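Quick note: the coordinates plus some simple rules give every number you see, no bench work behind them. Computed from a predicted model, the values in this text were never measured in an experiment. Glycine also receives a Cβ, built like all others from the backbone with ideal geometry; neighbour counts cover every protein chain displayed.
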Amino acid sequence: MSEYFDQLASTWEQNPMRIERASATAEKLRKTPIRSYRHLVDFGGGTGLLSCLLADEFERVTVVDTSLAMLKQAEQKALANSWSNIDTSTALPSEPASALVSLMALHHVKDLQGFFSQASVCLEAGGTLMIADLYKEDGSFHHHEPGFDGHNGFDIEQLSKMLTQHHFTVEGESQYFSITKEGADRELRDYPLFFLVATKN
């Protein structure tokens with residue numbers, strides 16, 4: 001999957017929808033009560049589009065992604081804009097962060113239990129986890145990706161139960177954005193996104 005995103009890295013931000021989506025997510029995050037703005041981890045942060053919008057909100061921001069080409073774009077952007085508080089990594093940091101956000105990345109993670117276990121370790125007590133992703137869909141969202149083997153969106157109730165198992169308390173969830181794209185039948189359709197907020201116990 002990282003090879004797929006490596007190929008898209010140089011043109012990723014040429015899609016206006018991705019910029020609009022990141023802006024809407026940043027706005028939701030700004031309105032979310034967060035105990036500490038010391039360190040934000042942007043899981044699946046790619047080119048750092050969301051991270052750069054939040055660079056002035058946090059003391060430190062770490063863009064985490066498995067695509068080295070995507071991270072290279074993030075590093076170049078941070079350097080060009082003198083955002084010295086942005087760094088990159090291919091794995092979640094070991095030292096506790098105060099907040100973790102994931103925008104359209106979780107549905108690519110096969111082992112959700114493993115991820116939430118790592119996220120719980122990554123966050124300090126009282127830390128905030130924010131997930132922005134697809135609601136459950138019929139699988140047509142990724143019909144153009146033959147190798148896609150992730151999740152076709154999420155059922156919020158099931159996701160919340162899983163979070164509870166990993167010592168998180170879900171504070172709330174709401175629909176906040178919609179992606180319009182061509183489905184497998186070549187008809188345009190809307191795919192709504194949710195923004196879920198949870199606190200580590």
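Tabulated data for the structure shown
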quantity: Beta bridges by DSSP in the stretch 2-200, antiparallel share as percent, to the nearest 5; calculated: 50
quantity: Cβ-placed point charges (K, R +1; D, E -1), dipole of the stretch 1-66 about Cα centre in debye, nearest 20; calculated: 400
quantity: Radius ratio Rg over Rh of the chain, counting only Cα atoms, Kirkwood formula for Rh; calculated: 0.94
quantity: The stretch 57-148 shape via C-alpha gyration tensor axes, a/c threshold 1.5; calculated: oblate
quantity: Nearest-0.05 FRET efficiency for Leu188 and Glu57, computed from C-beta distance (R0 22 Å); calculated: 0.05
quantity: Sorted by Cβ density within 10 Å, fewest first, the residues Arg38, Arg186; calculated: Arg186, Arg38
quantity: Rg [Å, one decimal], Dmax [Å, integer] - the stretch 101-201, C-alpha atoms; calculated: 14.3, 46
quantity: Helix-derived mean residue ellipticity, 222 nm - over the chain, DSSP H n ≥ 4, -39500 (n - 2.57), to 500; calculated: -9000 deg cm²/dmol
quantity: Percent of Cα-Cα distances greater than 20 Å, calculated over the stretch 1-119; calculated: 38
quantity: Proximal aspartates and glutamates relative to Lys31, as straight alpha-carbon distance under 14 Å, when same-chain residues fewer than 8 apart are discounted; calculated: Glu57, Glu171, Glu173
quantity: Exposure proxy ranking, count of Cβ atoms within 10 Å, fewest first, for Lys200, Lys31; calculated: Lys31, Lys200
quantity: Vicinal HN-Hα couplings computed from phi for the stretch 131-141 (Karplus, 6.51 cos²θ - 1.76 cosθ + 1.60; Hz; Gly/Pro x); calculated: 10, 10, 7, 6, 5, 3, 9, 7, x, 6, 4
quantity: Inter-centroid distance (Cα atoms) of the stretch 79-94 relative to the stretch 139-182, Å; calculated: 26
